[in-house]
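To keep things clear, I will list the structure first and then write my remarks on it.
The values are calculated or read from the model by the stated rules, or taken from the named source; none is laboratory data. Quick caveat, the model's predicted, so the values are computed rather than measured. Don't worry about glycine lacking a Cβ; one is built from the backbone with ideal geometry, like all the others, and counts go over all protein chains shown. Areas reflect the complete protein model, heavy atoms only, side chains present, ligands, DNA and RNA absent. Shrake-Rupley method; radii C 1.70, N 1.55, O 1.52, S 1.80 Å.
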Amino acid sequence: MAFDIEMIKGVYGRMAERVDAAKSIVGKPLTLAEKILYNHLWDGKATTAFERGKDYVDFAPDRIACQDATAQMALLQFMQAGKNKVAVPTTVHCDHLIQAKIGADKDLQAALNNSSEVFNFLASVSNKYGIGFWKPGAGIIHQVVLENYAFPGGMMIGTDSHTVNAGGLGMIAIGVGGADAVDVMAGMAWELKFPKLIGVKLTGKLSGWSAPKDVILKVAGILTVKGGTGCIVEYFGEGAKSLSATGKGTICNMGAEIGATTSTFGYDASMERYLRSTDRNEIADEANKIASYLTGDDEVYANPEKYFDQVIEINLSELKPHLNGPFTPDLTTVVGEMTEKATKNDWPLKVEWGLIGSCTNSSYEDLSRAASVAKQAVDKGLVAKAEFGINPGSEQVRYTADRDGLLKIFEDLDAKIFTNACGPCIGQWDREGASKQEKNTIIHSFNRNFSKRADGNPNTHAFVASPEMVAAIAIAGRLDFNPMTDTLINKNGEEVTFDEPTGLELPPKGFAVEDAGYEAPYEDGSGVSVIVKPDSDRLQLLTPFEPIGNSITNAKLLIKAFGKCTTDHISMAGPWLRYRGHLDNISNNCLIGAVNAFNKETNSVKNQLTGEYGPVPDTARAYKAAGVKSIVIGDHNYGEGSSREHAAMEPRHLGVAAVIVKSFARIHETNLKKQGMLGLTFANETDYDLIQENDSFNFIDLNEFAPGKQLTLEIVHENGNKDIIKLNHTYNQGQIAWYNEGSALNLIKKENAC
């Protein structure tokens, strides 16, 4: 069934008029991304041509998606906004709080036992405010969204960085912090700097062991983890049309790993097939009526250099399978070239686990291609050398794959079928022996492989590959196994080889499910009571932040982060997910994974009030208790990774006034702004080197905070010497108002009270 069909018809009904108006204003053909953006302007039809990478623009997204970990804080904030119902269709998906350990049924029951308070809270808030609720076990948010809510030409925001997965069905879908989602839930405009555009032209056609995953692994190697920052990546060409909708979703999903605002593909036959197979014929029929508006103009794709800020071309016929990692998703190695590289870098070649699933690769097609490899192993007498774990993407995928015998094939290799949830991909994995922190290698079809990401072990070397390649390498048990050329010895002592994997784009018998896990909200939620116990350690009602003010003097250095500092370093997931709805408790993980530049240790910083070293959160709390503001210093691409706004809310809660870095990841910079903090960058990157361990900081001209005007910072060193440096920022007038009010939420409440 098609959810929210009248809303979708409304989007399509206005699209031709608005896109034609935008073409007239811009004076040139438009990319797909531009068509969708101009069709979703808050003010309606375009009256000005926006400058990419410069102009802040107000948009009106069609819908919102939240996963359970981030939904807690988003909904706690929305409860303060003074609204009776969400203004746009919104859903909550319970997929992050289920830990993988034994298997689907027992793990799901354990999650229900351990997190019932949170699930009940989310269900009651959903009923009260008109939000669709997907129960624990229903599936991973982004696969469920692709199956039920994504539609070509739509605009969606979601409180998870991999919201971008919906680009596989031609959406502009963007990961945001909960405060951004609250704006839209409350019926307000959503602001975004008009993105730059990267065009990726795909020619040829995938074959053999190459998969859609290899496209984005290749792109990640080209652009790196920050090369897409501030950009929408638009894929086009005959090669793009040859990919399935779920394959397109995989590519868009990992666009988050290059820092892209989002990624998308033009509407085509594969999207129509997917819509119809998932019981959304009405959407396909409506999309077909305006198909030319749901893709870029012909002139754009014929001469992409004229219309995109950057163009990359990849021949799918020549694309080889890749392994990316360890510790970063942009470190690429072509399969067949791993032996030398791993030996040189001392990466363990023995593979201990192969994990298939996550929001990136858990579709029916993904499972079918991996199962074709697993079946060969069973038929040819091979025994898997590594352990296997499978996370189906949704109950619909799981039920259908089970009906068609795909899961039985994995079980014949002694694989563990985990719950339809994120599991190991986000650190929700109770891996036996991980606490020993032994050096080891795993391979998975997930999107991220940062240190400690999967199992909490900093010495786990995680490599990213397609599901079929994960299956082959896990069966072989060696990272440098090349299924295209290498042989294996089966249990009878015979030498065997793998044939090329095969797969099914869609289930031949169609999708089926007994209980998809969806609960519609009450028509009238006014009588629903949302209860948060005062003594709960899982949930805590929010207290509005006080404005930091325009006088920051004698602030102390909390930490100078060295090297990569992702949101995993700032606010870890894994066991800390249990506190996502309790700001004070989860703040005890604030920056505990960041490396201190002065002693190269984690969670050990100097307290200038006592001269002693201690944990980052404890030191921040000591400064806050003494009425002293603190400062965080960071390197490039600070805040890379998940959209978790806790990475901004925790420092804010602990008294951090400013985060000053060489460069930000987009979502994190926005999250800092939303929480009423200063997110600033060094005008001269080398000024990072001036910061010393015992420094204090004075903002000279914060009372003149204005768009486009640099701020001046006085650094006072322990010996009394001073350095004066300039800091850049990207705040516009509205964002400065957030700062002045203490947070964007404070401003919403103030405006709603008027």
Go through the residues of the stretch 417-434 one by one and say whether even a single one is at pLDDT 95 or above, more than 26 Å from Phe327 (Cβ to Cβ), open to solvent by 20 Å² or more (accessible area, probe 1.4 Å) and touching an Asp or Glu at 6+ places or on another chain (Cβ under 8 Å). yes
Here is a check on your reading of the model: is Ala648 part of a helix (DSSP H, G or I) and open to solvent by 10 Å² or more (accessible area, probe 1.4 Å)? no
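Quick check on this structure: which one of Thr686, Thr670 is under 24 Å from Ile748 (Cβ atoms) and open to solvent by 30 Å² or more (accessible area, probe 1.4 Å)? Even if it seems obvious, please write down each step before you answer.
Details: Thr686 fails: under 24 Å from Ile748 (Cβ atoms).
Only one candidate passes the filter, namely Thr670.
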Looking at the stretch 596-625 only, could you name the residues that are open to solvent by less than 50 Å² (accessible area, probe 1.4 Å), without any contact (Cβ under 8 Å) to a residue 60 or more places away in the chain and assigned to a helix (DSSP H, G or I)? Val616, Pro617, Ala622
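For Ala110, indicate whether it is surrounded by 24 or more Cβ atoms within 10 Å (Cβ to Cβ), without any contact (Cβ under 8 Å) to a residue 24 or more places away in the chain and either more than 24 Å from Thr229 (Cβ to Cβ) or among the hydrophobic types (A, V, I, L, M, F, W, C) (or both).
Values: surrounded by 24 or more Cβ atoms within 10 Å (Cβ to Cβ): no; without any contact (Cβ under 8 Å) to a residue 24 or more places away in the chain: yes; either more than 24 Å from Thr229 (Cβ to Cβ) or among the hydrophobic types (A, V, I, L, M, F, W, C) (or both): yes.
Here the answer is no, as Ala110 does not meet what is asked.
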Among residues of the stretch 372-394 being in contact with a Lys or Arg (Cβ under 9 Å, 6 or more places away or on another chain) and either part of a helix (DSSP H, G or I) or of a type in the set (A, V, I, L, M) (or both), the residue farthest from Ala100 (Cα to Cα) is Leu382
Taking Val632, is it open to solvent by 10 Å² or more (accessible area, probe 1.4 Å) and modelled with pLDDT of 95 or more? no
Select the strands (runs of 3 or more DSSP E) contained entirely in the stretch 106-183, then report the ones holding at least 2 residues which are of a type in the set (Gly, Ala, Ser) and within 20 Å of the chain's Cα centre (by Cα). 172-175
Only one of these is surrounded by fewer than 17 Cβ atoms within 10 Å (Cβ to Cβ) and at pLDDT 95 or above: Glu282, Glu286, Glu365. Name it. Glu282
Would you mention how many residues in the stretch 419-443 are free of Cβ contacts under 8 Å to residues at least 40 places away in the same chain and either in a loop (DSSP other than H, G, I, E, B) or among the small types (Gly, Ala, Ser) (or both)? 6
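Give me a count of the residues in the stretch 23-38 that are over 14 Å from Gly170 (Cα atoms) and under 30 Å from the mean Cα position of the chain (by Cα). Talk me through it step by step, then tell me what you get.
Pass one, the stretch 23-38, residues over 14 Å from Gly170 (Cα atoms): 23-30, 38.
The next check asks that each one be under 30 Å from the mean Cα position of the chain (by Cα); those that pass are 30, 38.
Total satisfying the criteria: 2.
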Pairing a residue in the stretch 155-180 that is within 25 Å of Ala284 (Cβ to Cβ) with any residue that is of a type in the set (D, E, K, R) and in a strand (DSSP E or B), where Cβ atoms lie under 7 Å and the two sit 6 or more apart in sequence or on different chains, gives Met156/Arg63
Taking the criterion of being part of a strand (DSSP E or B), open to solvent by 20 Å² or more (accessible area, probe 1.4 Å) and more than 30 Å from Glu17 (Cα to Cα), would at least one residue in the stretch 309-327 satisfy it? yes
Kindly indicate the residue of the stretch 538-552 that is at pLDDT below 95 and among the aliphatic types (A, V, I, L, M) and also least open to solvent (accessible area, probe 1.4 Å) among those meeting that condition. Leu542
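Of all residues in the stretch 279-297 being of a type in the set (Asp, Glu), in contact (Cβ under 8 Å) with a residue 24 or more places away in the chain and not in a loop (DSSP other than H, G, I, E, B), which is farthest from Glu34 (Cα to Cα)?
So in the stretch 279-297, the residues of a type in the set (Asp, Glu) come out as 279, 282, 285-286, 297.
The next check asks that each one be in contact (Cβ under 8 Å) with a residue 24 or more places away in the chain; those that pass are 279, 282, 286, 297.
Still in the list and also not in a loop (DSSP other than H, G, I, E, B): 282, 286.
Working: Glu282: 25, Glu286: 20 Å.
Filtering the stretch 279-297 for residues that are of a type in the set (Asp, Glu), in contact (Cβ under 8 Å) with a residue 24 or more places away in the chain and not in a loop (DSSP other than H, G, I, E, B), the one farthest from Glu34 (Cα to Cα) comes out as Glu282.
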Residue match in the stretch 497-508 (condition: of a type outside the set (A, V, I, L, M, F, W, C), in a strand (DSSP E or B) and more than 29 Å from the chain's Cα centre (by Cα)): no
Wholly within the stretch 3-97, strands (runs of 3 or more DSSP E) carrying at least 2 residues that are open to solvent by 50 Å² or more (accessible area, probe 1.4 Å) and touching a His at 6+ places or on another chain (Cβ under 8 Å): none
Could you list, ordered by first residue, the pairs with Cβ atoms under 6 Å in which the first is in the stretch 466-484 and in contact (Cβ under 8 Å) with a residue 60 or more places away in the chain and closer than 20 Å to Glu340 by Cβ and the second is part of a helix (DSSP H, G or I) and open to solvent by 10 Å² or more (accessible area, probe 1.4 Å), at least 6 apart or interchain? Asp480/Thr339
Restricting to the stretch 639-684, count the residues that are within 20 Å of Ile736 (Cβ to Cβ), modelled with pLDDT under 95 and among the hydroxyl-bearing types (Ser, Thr, Tyr). 1
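Can we say Gly204 is open to solvent by 10 Å² or more (accessible area, probe 1.4 Å), under 29 Å from Asn288 (Cβ atoms) and either hydroxyl-bearing (Ser, Thr, Tyr) or touching a strand residue (DSSP E or B) at 6+ places or on another chain (Cβ under 9 Å) (or both)? Working first, answer last.
Numbers: open to solvent by 10 Å² or more (accessible area, probe 1.4 Å): yes; under 29 Å from Asn288 (Cβ atoms): yes; either hydroxyl-bearing (Ser, Thr, Tyr) or touching a strand residue (DSSP E or B) at 6+ places or on another chain (Cβ under 9 Å) (or both): yes.
Yes: the conditions hold for Gly204.
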Selection status of Ala245, touching a residue at least 24 places away in the same chain (Cβ under 8 Å), in contact with a helix residue (DSSP H, G or I) (Cβ under 7 Å, 6 or more places away or on another chain), aliphatic (A, V, I, L, M) and open to solvent by less than 20 Å² (accessible area, probe 1.4 Å): yes
